[in-house]
1. Rounded, prolate or oblate for segment 52-116? Axes are the square roots of the Cα gyration tensor eigenvalues, ordered a ≥ b ≥ c, and the cut-off for rounded is a/c under 1.5.
2. At residue 147 and residue 180, where each label point lies 7 Å from the Cα along Cα→Cβ, what is the point-to-point distance in nanometres?
3. Largest first, how would 7, 204 line up by accessible area (1.4 Å probe)?
4. Once the principal axes of the Cα atoms of segment 129-225 are found, what is the range along each, listed largest first in whole angstroms?
5. Set the Förster distance to 25 Å, then compute FRET efficiency between residue 163 and residue 40 from the Cβ-Cβ distance, nearest 0.05.
6. For the pair residue 68/residue 173, report the inter-label distance in nm, with labels modelled 7 Å from Cα in the Cβ direction.
7. In whole Å, how far is the Cα centre of segment 182-225 from that of segment 118-140?
8. For segment 78-201, rounded, prolate or oblate, judged on the Cα gyration tensor with a ≥ b ≥ c (square roots of eigenvalues), a/c < 1.5 rounded, else prolate if a/b > b/c?
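The values are calculated or read from the model by the stated rules, or taken from the named source; none is laboratory data. Because the structure is predicted, anything quoted here is derived from the model rather than measured. Here Cβ is always computed from backbone atoms with ideal geometry, including for glycine, and neighbour counts include all displayed protein chains. Calculation scope for accessible area: heavy atoms of the full protein, side chains included, ligands and nucleic acids excluded. Shrake-Rupley method; radii C 1.70, N 1.55, O 1.52, S 1.80 Å.
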Amino acid sequence: MRMRRKTHLLERLDACSDVIINMDRENRDFSVKDDKNLLDIDELFGRCAPLYLEIGCGKGRFICEAAKANSEYNFLAVEKASNVLVTAAESVQEQGIENVKFLRGAAEYLDCYIPKNSVERIYLNFSCPYPKKSYASHRLTHRQFLEIYQRLLKKGEAVGEIHMKTDNMQLFEFSIEELSQCGWAIKNVSLDLHNSDFEGNIMTEYEERFSSEGAPIYRLEAYKL
């Protein structure tokens, strides 16, 4: 079901312009890469610090809590739905969180905005599962996205990682298969996160709802070999 447009959405987005960067490209073909829109991350945040990236931040509960708990890191949060992005951006402003910025747009364009080898961790929290097989390429763990993440994540001794959580078993199985076939190593797999010994979990809005209904939460970490 389509979400109803929020009242005064454009005005509210404009009021958050200091924390939102719009991913607007003249060329909409995401297979065409250029560096005209690349961000200077240190300038964006006003400091040099490790960068974490959340793709699909929703209303922002996770990114706000993660940023407050890890003030030594910079956080970029990506969301293409303006209706939910505005809530996340307003939360950051209201709470005075200074180490979070937002990218408004589709994940396909991320490596046109974020420099190569600059991200230490990518969070994929409760991404849309796109259950129909014909929509598999839209899943955020499809190999076309894994190629983008590989370009963004740090290389070398301190290799960057993907941290994924979902309530959807089919998406989790698909993700493991895609990661494995594309040469990613997988570790710290949990098939029931909230009944495991994992510490430091920060819940999203969806996660709280699903877990309260008794649904198991699946989690993994992955890095490129």
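1. oblate
2. 2.3
3. Reading off the accessible areas and sorting them downward yields 7, 204.
4. 38, 36, 20
5. 0.45
6. Here the modelled spin labels are 3.9 nm apart.
7. Answer, in whole Å: 14.
8. Rounded.
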